[in-house]
Amino acid sequence: MKRIILYLIFIFSTLHVSSQSCDEIMASVKSKGYGSTYSSYNSDAISKVTFYDMTIDYNTYYFAIVCFKSEYSYGCTEYIYQVASSTKMNYSMNYTQSAGKAFWKYIDPYGDNLGCGPNL
């Protein structure tokens, strides 16, 4: 009986996490703490990238929120990626030469982790 209850708790908690929308995940990450932002004034596509880390149940998770410039307005559109712990350092060392190349090399490979990035 105890095993069945634990199994049901696991199933319900998994359904809750997987049912969160990308907007809900982004809002949760933004609300949990301070991020490090890297602005790209000379990039045609990327306005800025902000990195966050969150500790949940003694596990640390790393996120990048990428703000892509909008073609028809002055704003940008944000997308969230769950990345590796080394992504922030790698991106920060390379984005000044080309934010786009740094994005493709260090952030885009993690696009399937949350499924919240654009289809590029």
- Task: Taking Ala64 as meeting all but one of (1) touching a Lys or Arg at 6+ places or on another chain (Cβ under 8 Å); (2) modelled with pLDDT of 95 or more; (3) open to solvent by 20 Å² or more (accessible area, probe 1.4 Å), write down the number of the exception.
- Result: (3)
- Please enumerate the residues belonging to segment 67-95 that are among the aliphatic types (A, V, I, L, M), open to solvent by less than 40 Å² (accessible area, probe 1.4 Å) and either in a helix (DSSP H, G or I) or under 14 Å from Tyr38 (Cβ atoms) (or both). Val83
- Message: So, in segment 30-49, how many residues would count as being aromatic (Phe, Trp, Tyr) and either touching a residue at least 40 places away in the same chain (Cβ under 8 Å) or not in a loop (DSSP other than H, G, I, E, B) (or both)?
- Response: 1
- Message: Restricting to segment 50-97, name every residue that is touching a Pro at 6+ places or on another chain (Cβ under 8 Å) and more than 19 Å from Ser40 (Cβ to Cβ).
- Response: none
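Just the residues that are of a type in the set (A, V, I, L, M, F, W, C) and surrounded by 12 or more Cβ atoms within 10 Å (Cβ to Cβ), please, taken from segment 96-120.
Residues satisfying the conditions are Ala99, Ala102, Phe103, Trp104, Ile107, Leu114, Cys116.
The values are calculated or read from the model by the stated rules, or taken from the named source; none is laboratory data. Note that the coordinates shown come from a computational prediction; the quantities given were computed from them, not determined experimentally. Note that we place each Cβ from the backbone using ideal geometry, even for glycine, and neighbour counts take in every protein chain shown. Areas reflect the complete protein model, heavy atoms only, side chains present, ligands, DNA and RNA absent. Shrake-Rupley method; radii C 1.70, N 1.55, O 1.52, S 1.80 Å.
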